[in-house]
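The values are calculated or read from the model by the stated rules, or taken from the named source; none is laboratory data. In this text, all values refer to a predicted model and were calculated from it rather than measured experimentally. Here the Cβ positions follow ideal geometry from the backbone for every residue, glycine too, while neighbour counts run over all protein chains shown.
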Amino acid sequence: MKLLLRLFALVHFIIALLLLVAALIVIGIALNISWNAFGNGLGADAAQSIIEAIGLIAVAIVAVQIAQTVIEEEVIREAHVSAPTRVRRFLSRFMVVLVVAIAIEGLVATFKAIHEDMSLLPYASAVLLAVGVLIAGWGVFIKLNTAAEELEPEAMMEAKGEDNKVG
């Protein structure tokens, strides 16, 4: 069984590494878009390009944060997400990054719609509305999960003790 758990840790490490490589590629694309925007003069088109680059950077941040979370939770801590405390911690880290990235994408889409095609504004609004729904759902999850955590106080202490591994 220990061999299987080590294999899972290795697979998680490889996945995290692939996420990091993908983030670096996306950052390179964002840098290229930004460089081309500056090369073409600082006008409205450059602003649109920079806004697009910001959206790509937000995607890269999500990939890096997910990679970091996977490494910390599954490789370093070897915390197998099963107890309510671990589930809340893992999902909360993921949700923070996801909500911020989607919100940035929604803002990018809003700017793009306002400056290029107003018929796209309802779609951008739907993305921002989805952010609100995600935040509300996340809040309900945390509220319900807190009650479950109270049933297992030893799991909370164990999870806090694991934080020393990542210091």
### Filter result for the condition that a residue is in a helix (DSSP H, G or I), closer than 20 Å to ALA103 by Cβ, touching a Leu at 6+ places or on another chain (Cβ under 8 Å) and touching a residue at least 24 places away in the same chain (Cβ under 8 Å), over ILE57, ILE66
ILE66
### Residues located in the stretch 21-33, provided they are surrounded by fewer than 18 Cβ atoms within 10 Å (Cβ to Cβ) and closer than 21 Å to GLN65 by Cβ
VAL21, ALA22, LEU24, ILE25, GLY28, ILE29, LEU31
### Task
Please determine, by comparing only the residues of the stretch 34-45 that are in a helix (DSSP H, G or I) and at pLDDT below 85, which one is surrounded by the most Cβ atoms within 10 Å (Cβ to Cβ).
ASP45
### Message
Could you tell me how many of the residues in the stretch 51-85 are modelled with pLDDT of 80 or more and not aliphatic (A, V, I, L, M)?
### Response
6
### Query
Which residue pairs have Cβ atoms under 7 Å apart, sit 6 or more places apart or on different chains, and have a first residue in the stretch 31-43 that is touching a residue at least 12 places away in the same chain (Cβ under 8 Å) and a second that is assigned to a helix (DSSP H, G or I) and among the β-branched types (Val, Ile, Thr)?
SER34/ILE50; ALA37/ILE50
### Query
How do the pairs read when you match residues in the stretch 1-20 that are under 27 Å from ILE61 (Cα atoms) with residues anywhere that are in a helix (DSSP H, G or I) and of a type in the set (D, E, K, R), using Cβ under 7 Å and keeping only pairs 6 or more apart or on different chains?
ALA9/GLU74; HIS12/GLU74
## Note on the structure
Scanning the stretch 113-134 for residues that are farther than 23 Å from ASP45 by Cα and small (Gly, Ala, Ser), the one surrounded by the most Cβ atoms within 10 Å (Cβ to Cβ) turns out to be ALA130
### Query
Does ILE51 satisfy being in contact (Cβ under 8 Å) with a residue 12 or more places away in the chain, buried (at least 18 other Cβ atoms within 10 Å of the Cβ) and out of contact with any strand residue (DSSP E or B) (no Cβ under 7 Å at 6 or more places or on another chain)?
yes
### Message
Given the condition surrounded by 18 or more Cβ atoms within 10 Å (Cβ to Cβ), touching a residue at least 40 places away in the same chain (Cβ under 8 Å) and closer than 20 Å to ALA16 by Cβ, answer yes or no: does some residue in the stretch 96-112 qualify?
### Response
yes
